[in-house]
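Participant: Handing you a structure now.
The values are calculated or read from the model by the stated rules, or taken from the named source; none is laboratory data. What you see is a predicted model; the values in this text were computed from it and never measured. Don't worry about glycine lacking a Cβ; one is built from the backbone with ideal geometry, like all the others, and counts go over all protein chains shown. Remember, those area values only see protein heavy atoms, side chains included, never the ligands or the DNA or RNA. Shrake-Rupley method; radii C 1.70, N 1.55, O 1.52, S 1.80 Å.
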Amino acid sequence: MDKHSYFYQFLEPLSKELALVAKELENSIFTSPRTMLTHARVFVENILQQVTLAEKLQDEPRSNLKERLDMLNEKGYLLPEIRDALHFVRQVGNQAAHDARMFRYSEALLSWEALYKIVRWYVEVYGPIDITVPDYQDPSHQVEQTYDMTELEVRLKSLEELLRNPFPKPIEDTAFQEVAITAEYPTEVQEELPGFTSIRTLSYKGRKLEVPYFLRDAFLLPQRFSKSETYLIRLGAEQQARIMSELPNNLEGLYKHVKRYSDKNDELFFEELSVFIEEEKVRRKLTLERTGELFFFYKADYIVVTEKLSKVCLTADEFTGIPSLLRQLNEDEMETVGQLPKELVILAKYENVGIGTVEKLFEQLKKKVNDNKVEDVDLSQESRSIFKKWDSLFVNVQLGESKTVIRGDSVPSLWKEGLRWIEEHNLPLYPLVKAGVVLGSTDSGKRYAIALKPIHKDNRKFTQKHTYESLLTDETYYLETKINPKSGLETLAKLLTLLGVTVRIPLLEDTE
């Protein structure tokens, strides 16, 4: 294929839009596996919609991919191979949309193969006779990391210097060694990632700091330098130290540009600058290794922004203990997590918002990422005929005028979110847990769902237990989690109802 063509170009006579989506999926395999896996679901869902239309079946607009897939399978329209391929694309796509782990090229390639099976079947069964599906072809890895011309020139000059001044051979004469030790010879040019070539050296009282090329003109955000924040703001007002290339090679005497500062401030800044450069190197490597991913950074830590996390609303129901920050973000029309800046320390600019508040936000974001991880599926499995009934579990709740959705990817995560919501609204949960919350929609059973000890009413031990640390009592609540999702939903709904909460379970209503 030439540079203007792409594998699924043959789909254009059938659907130009479908072909262009396939083109973008192909382009993203090696630039962002997560993007490819996530959006492949939309691609196959569109195909199933076209199949439903061609077969003149009733289609519910609100149906999700799994519901359409199951409906067509139950009516006998899907071959086992195609059904399994569709489920594979759906399952791994769900992982990519929810899980913060790094997704590999190999996973995107497996999904790409599954897409080919689906497209070939769709074209051969429902497409025009004159469209020929070509043989399967792996996508070419066209993305290549290269050095910027300026950085390449620096590397070439270093290599040329090495050619002109090779390392001296070992010298026996002691007197010559004493002279030679004072001479500086060019060091070996390392095979660095693009952007990591040292472009200049900063110094302070004999100490040296190498600045990599990718930080040549980096903005020195004052909030990144906790001990030097005010100092940098004052220097910036004097058009000094705003970006890396504005710094002098020798930082001694930098304080003389502003009043009421001393040499000690230059020393602190030099030390923090060293930490800043090391943190930025870690971030740079991360973004190169995980191309196409979106991250939130806080000091030396980071989290991956998944599709699910990006849609979380910036409200008091989702984030506790930071009302002033949330209010000001909403006033600036930031309504969801995905609208937050990549560098979270910037949020400390808001009125009455300190670095401690930003840290609270970051920790809660990190917790949401960890809570939303989904279990890995066995990608090597040939048979994939058994799948979860629902992609996620949720209940709609209303307390007074406040409405929200409690959601989890499994029964344990759903219950923990439910218990957390109950305690955040100061509802009397502890007495019910102390008495023992019976599993199911009634209280006639012999098994507890939640209790202070992992022992059932019939004195049997919990089969599979999780724990929840109470936010109000410091007690450990034990959860029996070896149950089916239906019972898990019914149990949580019963518990919430006992506490005066109005509950709806759409998932169970759909099955009635």
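Participant: Select from the stretch 268-301 the residues that are among the basic types (Lys, Arg), open to solvent by 40 Å² or more (accessible area, probe 1.4 Å) and in a helix (DSSP H, G or I) and list them in ascending order.
Facilitator: Lys281, Arg284, Lys285
Participant: Just to check your reading of the model, which residue among Pro341, Pro323 is at pLDDT 90 or above, farther than 19 Å from Ala97 by Cβ and open to solvent by 60 Å² or more (accessible area, probe 1.4 Å)?
Facilitator: Just a single option satisfies the conditions, and that option is Pro323.
Participant: Within the stretch 7-80, which helices (runs of 4 or more DSSP H) (wholly inside it) include 2 or more residues that are basic (Lys, Arg) and either farther than 22 Å from Gly292 by Cβ or more than 32 Å from the chain's Cα centre (by Cα) (or both)?
Facilitator: 65-74
Participant: Name every residue in the stretch 58-89 that is of a type in the set (S, T, N, Q) and closer than 26 Å to Leu109 by Cα, in order of residue number.
Facilitator: Asn64, Asn73, listed by residue number.
Participant: Same structure again: Just checking, does the stretch 186-201 include any residue being in contact with a strand residue (DSSP E or B) (Cβ under 7 Å, 6 or more places away or on another chain), at pLDDT 85 or above and aromatic (Phe, Trp, Tyr)?
Facilitator: yes
Participant: Okay, next question. For Tyr105, indicate whether it is more than 16 Å from Leu25 (Cα to Cα) and of a type in the set (Ser, Thr, Tyr). Spell out how you get there, then give the answer.
Facilitator: On the way: more than 16 Å from Leu25 (Cα to Cα): no; of a type in the set (Ser, Thr, Tyr): yes.
Judged against the criteria, Tyr105 is not a match.
Participant: Among the numbered criteria (1) in a loop (DSSP other than H, G, I, E, B); (2) within 15 Å of Leu25 (Cβ to Cβ), which single criterion is violated by Ala114?
Facilitator: (1)
Participant: For a quick check of your reading of the model, give me the residue pairs whose first member lies in the stretch 42-67 and is touching a residue at least 40 places away in the same chain (Cβ under 8 Å), whose second is of a type in the set (Val, Ile, Thr) and open to solvent by less than 90 Å² (accessible area, probe 1.4 Å), with beta-carbon atoms closer than 7 Å and at least 6 apart or on different chains.
Facilitator: Between residues of the stretch 42-67 that are touching a residue at least 40 places away in the same chain (Cβ under 8 Å) and residues that are of a type in the set (Val, Ile, Thr) and open to solvent by less than 90 Å² (accessible area, probe 1.4 Å), the close pairs are Phe43/Val21; Val44/Val89; Val44/Ile118; Ile47/Ile118.
Participant: Going through the stretch 1-41 one residue at a time, which ones are without any contact (Cβ under 8 Å) to a residue 40 or more places away in the chain, within 27 Å of Asn73 (Cβ to Cβ) and among the small types (Gly, Ala, Ser)?
Facilitator: Ser15, Ala19
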